[in-house]
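Coordinate-derived values only; no laboratory data. Predicted model only: the values in this text are computed from it and were never measured. Cβ placement follows ideal geometry from the backbone for every residue including glycine, while neighbour counts extend to all protein chains displayed.
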Amino acid sequence: MTPTDPRQAKDEVLAHLADTGPDHLHCSQAVTLFALLVLGHDPELTTIGRYLGGGVVGMGEACGAITGAALSLGIRDHHLPESAAHLEPATSEDLQTLVRRFTDQFGSRTCRELTGFDMSTPEGFEAFQQSDAPERCSTYVSWMCDQLLPLLLVLGATPQGKEAPPAGG
């Protein structure tokens, strides 16, 4: 596959996040799809984040934008040459910094605190859907896509080894 322009990839994932029909993706899947598109990998792999929505199966734990970022970096690493194995310690540090910055920016790193809802029950999930919380989730995903992009492009991690332009926008 050919890498997608980051701006276009971000627009696409935000549209999937906002979709209330069968094309809906939750936060973790949206960030993962962003990485797959930017890196030029099979977007069907988005299913790896299926159970991370709502703070891991609706339990309100880690925000999906964060878990999606961690999955995305694992995908990046899977496609890097073996000679890039030295990146793991630096990537772990970068991801910790990213989680801290996310927490500083938004006041929490847990889905329950960020949304204000317990999505582990049908009633809680329904209340979430009827609130303005999904709009806040778009903000978290958008921010994460912008912050994640430079980490995805380490050593030209796209299939053709070409760096993609910035996500911006």
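Note the full-extension length gain between Ala127 and Gln8 as 0.36 nm times their separation in residues minus their Cα-Cα distance, in nm to one decimal. Don't skip to the end; give the middle numbers.
On the way: separation 119, 0.36 × 119 = 42.84 nm, distance 3.10 nm.
Length gained, Ala127 through Gln8: 39.7 nm.
At a Förster radius of 35 Å, what calculated FRET efficiency corresponds to the Cβ-Cβ distance of Thr20 and Ser92, to the nearest 0.05?
On the way: r = 36 Å, r/R0 = 1.03.
The calculated FRET efficiency here is 0.45.
Just to check I understand the Karplus step: with θ = phi - 60° and J = 6.51 cos²θ - 1.76 cosθ + 1.60, what whole-Hz values come out for the stretch 69-79, glycine and proline as x?
5, 5, 4, 4, 5, x, 4, 4, 5, 4, 9
Roughly how many nanometres apart are two label points built 7 Å out from the Cα toward the Cβ at Thr139 and Ser120?
2.6
Among Leu152, Cys63, Ser142, which residue has its Cα furthest toward the positive end of the charge dipole of the chain, with +1 on Lys/Arg Cβ and -1 on Asp/Glu Cβ?
Leu152
Can you show me the helix-derived [θ] at 222 nm for the chain, built from DSSP H runs with n ≥ 4 at -39,500 (n - 2.57) apiece and divided by the number of residues, rounded to the nearest 500. All intermediate terms of the calculation are to be shown ahead of the outcome.
On the way: 7 runs with 94 residues, N = 169.
One gets -18000 deg cm²/dmol as the mean residue ellipticity at 222 nm.
Skipping prolines and chain starts, which residues have an amide H placed within reach, meaning under 5 Å, of the one on Ala62, given they are 5 or more residues away or on another chain?
For Ala62, whose amide H was placed from the backbone, the distant partners under 5 Å are Cys111.
Give, rounded to the nearest 20 debye, the magnitude of the charge dipole that the stretch 4-84 has about its Cα centre when Lys and Arg contribute +1 at Cβ and Asp and Glu contribute -1 at Cβ.
Once rounded to the nearest 20, the dipole reads 160 debye.
With only Lys, Arg, Asp and Glu charged, each at its Cβ (+1 for the first two, -1 for the last two), find how big the charge dipole of the chain is about the Cα centre; round to the nearest 20 debye.
Details: 10 positive and 22 negative charges, 53 e Å.
Once rounded to the nearest 20, the dipole reads 260 debye.
Toward the positive end of the charge dipole of the stretch 1-99, about the Cα centre and with charges on Cβ (Lys, Arg +1; Asp, Glu -1), which of Thr20, Leu52, Ala9 goes farthest?
Projecting each Cα onto the dipole axis, the largest value belongs to Thr20.
As a footprinting exposure proxy, order Ser142, Ser28, Ser120, Ser131 by other Cβ within 10 Å, with the fewest listed first. Before the final figure, lay out each step's value.
On the way: Ser142 21, Ser28 31, Ser120 16, Ser131 13.
Sorted ascending by nearby Cβ count, the order is Ser131, Ser120, Ser142, Ser28.
Report, in debye and to the nearest 20, how large the dipole of the stretch 65-134 comes out about its Cα centre when Lys and Arg carry +1 and Asp and Glu carry -1 on their Cβ. Mind showing how you got there, number by number?
Working: 5 positive and 11 negative charges, 26 e Å.
Magnitude of the dipole: close to 120 debye.
Read phi for every residue in the stretch 99-115 and hand back ³J(HN,Hα) as whole Hz from Karplus 6.51 cos²θ - 1.76 cosθ + 1.60, θ = phi - 60°, with x for Gly and Pro.
5, 5, 5, 4, 4, 4, 5, 10, x, 6, 10, 9, 4, 4, 6, 5, 9
Per q in 0.13, 0.16 1/Å, what log10 I(q)/I(0) does a Debye calculation on the alpha-carbon atoms of the chain return?
-0.58, -0.87
Going by average Cβ neighbours within 10 Å, how do the peptides 17-27, 144-154, 32-42, 87-97 rank, with the highest at the top? Please report the intermediate quantities before stating the final value.
On the way: 17-27: 15.6, 144-154: 20.4, 32-42: 23.1, 87-97: 13.2.
In descending order of packing, they fall as 32-42, 144-154, 17-27, 87-97.
What nm value, rounded to one decimal, do you get for the distance between Arg100 and Glu44 when each label is placed 7 Å out toward the C-beta?
4.1
Using the Cα gyration tensor of the stretch 1-78, with a ≥ b ≥ c the square roots of its eigenvalues, what is the shape: rounded (a/c below 1.5), prolate (a/b larger than b/c) or oblate (neither)?
Values: a/c = 2.01, a/b = 1.30, b/c = 1.55.
Oblate is the answer for the stretch 1-78, as a/c is 1.5 or above yet b/c matches or exceeds a/b.
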